Amino acid sequence: MSCAQQEKMLFRSTRGAFLDMSFEEAVFEGLAQDGGLLVPHFIPDVSNEYKKWKNLSFHELAYQIAKPYVGDEIPEADLRDLMKRSYAHFKDKDIVPTKKVGDVHIMELFHGPTFAFKDVALQALGNLFEYFLTRSNKRITVVGATSGDTGSAAIYGLRGKKNVECFILFPEGRVSPIQQLQMTSVLDENVHCVAVQGTFDDCQDIVKALFRDLKFKKSYSLGAVNSINFARIMFQITYYFYTYFKVFPNCDGKMSFSVPTGNFGDILAGYYAKKMGLPVQHLIVATNSNDILDRFFTTGSYDKSPVQQTFSPSMDIGISSNFERYLFYLFDEDSKILAHMMDGFNKTGRLSVDEAHLEEARRDFLSGRCSEQETLDTISKYHKDFNYTLDPHTACGVRAAEQLLDRMEPVCKNASVKHAMVVLSTAHPAKFSTAVQKATGSPPKLPEGLAKLENAEVRFQVLPAKTPSIKNYIEVTIPDPTGSRNVYTLKHYAASLVALGCAFGLGVLMGKRGQ
Ligand SMILES: *Cc1c(COP(=O)(O)O)cnc(C)c1O
């Protein structure tokens, strides 16, 4: 046993507060109250043990990765079981199979229930929520806004979970028909989809307003599942290790990963994998024309700019919410410097680092930007040359990898260690058929799970883009946030009166967590 496993892991904010939060508290806290992100006090070093894990199944490996972060907060058998259940519904026996296509290895992360990589983390997060909440007899109400993909992955992660209610807001008429069907065809009683008569920004503003309503936040124990949740990052570390063993069964090479990037969550997990001891050469940040991160890693300045719509909508971001975690490490975990930088960024929409820090950042990360035309060209080329259909997000990853392979070739050819370039494939091409059809001339084949959605029964509410309407809908659906749900009947009322006494005490306890 390494010392990492004996010590209890505690979490703190990147900006200095909450120096001793437990894993469980960190999972439910989301954003720290000082505006920072939660990070572990140290990153466990597994460089002496990871080679022993090379024959493990995906869920066993996920258990090994999670263990040092979770510490003794979940008994081993329970954590093992949780990981096993989380990956039981993936459609490929390898969970995340890797395929050699041309000069790159494509790591397919889209075999989960919603055909996008977010399933890998959200399937496990749903189980983790349920585990902690039933153990402590607490409830939460997850409220999230989505422009498409995150919503369905969250819903599939949380459907049917005990002690969790899930409200997902999406802009009416502005998500693709497939995305809407994926969300609204989930009929579990704890899932509530709302088509908001407005834009995605309206949805996000409403969610933020609900979280700012402290009385409401407390009485409903509002929770979030967005990508700043540390557990999501942690669950994503697994596939970096898993793929290493698939590509180098003898653990005798180095790998670079090209990651289609938006909020910087996926690639940050790769950075954690590297810091934990995995032989990673380069992490390549692949962006579309929303290129704030590419500009950072080439110039050292991080400048907010307006969001453009692209063929790869899940990467359409103005700023990357997880990037702060990386800056924290770049500045040697100095919360004072970081808090100062982020404060400046919030005021001006820009921050920059000096030459020395840029150089250091470029030792871990390279970057590449993919234009709309390049996205289509790359899909078309792989379709023609290799009979392999890329989705537009993955195409950006492939494009960035190719550019850098050209540059790296001389180094790698003569190197004594083997080197593999792995591209993370973040979505099934059928989820983004418009771009694929445009590039290849024919629509991608629908996998069975998506094809049968067309005739599915759906349930959702259409509501105006007003915070009070949404708040009212939540209150009517869950009249008693500590117990029953749905229609407010006399039976519920009686039951909730009985529960009120104990619930009051519980509410006080739960409220404490939010302070
Ligand atoms: C969310 C998402 C991304 C971006 O991942 P981040 O962790 O936000 O960087 C890329 N591709 C697809 C398909 C996604 O759903």
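Every read-out reported here was derived from the displayed coordinates using simple, explicitly stated rules and does not represent laboratory data. Source: prediction; values computed, not measured. Don't worry about glycine lacking a Cβ; one is built from the backbone with ideal geometry, like all the others, and counts go over all protein chains shown.
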| message | Taking just the alpha-carbon atoms of region 265-391, what radius of gyration and Dmax come out, in angstrom? | response | 16.1, 52
| Cα-centred dipole magnitude for the chain, charges only on beta-carbon of K, R (+1) and D, E (-1), debye, nearest 20 | 800 debye
| request: Mark the label point 7 Å from the Cα of THR199 along Cα→Cβ and return the residues of region 253-290 whose backbone N is within less than 19 Å of it. | output: 289-290
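What does the charge count around PRO429 come to, taking other residues whose C-beta lies under 9 Å from its C-beta (Lys +1, Arg +1, Asp -1, Glu -1)?
On the way: positive: LYS431, LYS445; negative: ASP391.
Net local charge, PRO429 excluded: +1.
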| task | Calculate the spin-label point distance for HIS340 paired with GLN373, positioning each point 7 Å from the Cα along the beta-carbon direction, and give it in nanometres. | result | 4.5 nm
| task | Apply the Karplus parameterisation 6.51 cos²θ - 1.76 cosθ + 1.60, with θ equal to phi minus 60°, to every residue of region 316-330 and state each ³J(HN,Hα) to the nearest whole Hz, in sequence, with x for glycine and proline. | result | 7, 10, x, 9, 9, 5, 8, 4, 4, 5, 5, 4, 4, 6, 4
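Assuming R0 = 45 Å, what is the FRET efficiency of VAL462 and ARG362, from their Cβ-Cβ distance, to the nearest 0.05?
Values: r = 48 Å, r/R0 = 1.07.
Between VAL462 and ARG362 the formula returns 0.40.
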| task | Calculate, in nm to one decimal, what SER442 and ASP406 gain on full extension: separation in residues at 0.36 nm each, minus their alpha carbon distance. | result | 9.9 nm
| field | Ordering of 128-138, 74-84, 416-426 by packing [mean C-beta count within 10 Å, highest first] | value | 416-426, 128-138, 74-84
| query | How large is Rg over Rh for region 65-199, taking Rg from the Cα atoms and Rh as the Kirkwood inverse mean of 1/r across Cα pairs? | reply | 1.02
| Looking at region 324-364 from every direction and averaging, what is the projected area of its Cα convex hull in nm²? | 2.8 nm²
| request: On each of the three principal axes of the Cα atoms of region 432-475, give max minus min coordinate, whole Å, ordered largest first. | output: 46, 23, 11
| said: Quick one: the Cα spread of region 137-285 along its three principal axes, in angstroms, biggest first? | reply: 53, 38, 27
| task | Taking the chain as the reference, fit the longest principal axis to its C-alpha atoms, fit the long axis of helix 372-386 to the helix C-alpha atoms, and give the angle between the two in degrees, 0 to 90, nearest 10. | result | 70 degrees
| message | Using the basic label-point model (7 angstrom from Cα toward the beta carbon), what is the ASP188 to VAL417 distance in nanometres? | response | 4.2 nm
| Once all Cα-Cα distances of region 201-293 are split into 5 Å bins that start at 0, what whole-number percent is in each one? | 3, 12, 17, 16, 14, 11, 9, 8, 5, 3, 1, 0
| Each residue of region 53-58 in order: what ³J(HN,Hα) in whole Hz does its phi give by Karplus 6.51 cos²θ - 1.76 cosθ + 1.60, θ = phi - 60°, with x for Gly and Pro? | 8, 5, 9, 6, 5, 4
| remark: Full extension between GLN308 and SER47 adds, at 0.36 nm per residue less the Cα distance, a length in nm of 89.8 nm
| query | In nm, to one decimal, how far is the modelled label at GLU333 from the one at ALA77, with both set 7 Å along Cα→Cβ? | reply | 3.5 nm
| remark: Checking rank on 165-171, 282-288, with mean other Cβ inside 10 Å and highest first, the result is 282-288, 165-171
| Cα principal axis extents for region 46-133, largest first, Å | 44, 35, 17
| Per-residue HN-Hα couplings for region 241-246, Karplus 6.51 cos²θ - 1.76 cosθ + 1.60 at θ = phi - 60°, whole Hz, x for Gly and Pro? | 5, 4, 5, 4, 5, 6
| Mind checking the angle between helix 355-364 and the chain's longest principal axis? C-alpha axes, 0 to 90 degrees, to the nearest 10. | 90 degrees
| request: Quote to one decimal, in nm, the extra length available between LYS91 and ASN137 on full extension: 0.36 nm per residue of separation minus the C-alpha distance between them. | output: 13.3 nm
| Relative frequency of Cα-Cα separations exceeding 18 Å in region 1-153, percent | 67 percent
| request: Determine the equivalent ellipsoid of region 400-479 by diagonalising the alpha-carbon gyration tensor, then write out the semi-axes as square roots of 5 times the eigenvalues, largest first, rounded to whole Å. | output: 46, 22, 13
| message | For the chain, take the convex hull of the Cα atoms, compute a quarter of its surface area, and give me that in nm², please. | response | 23.5 nm²
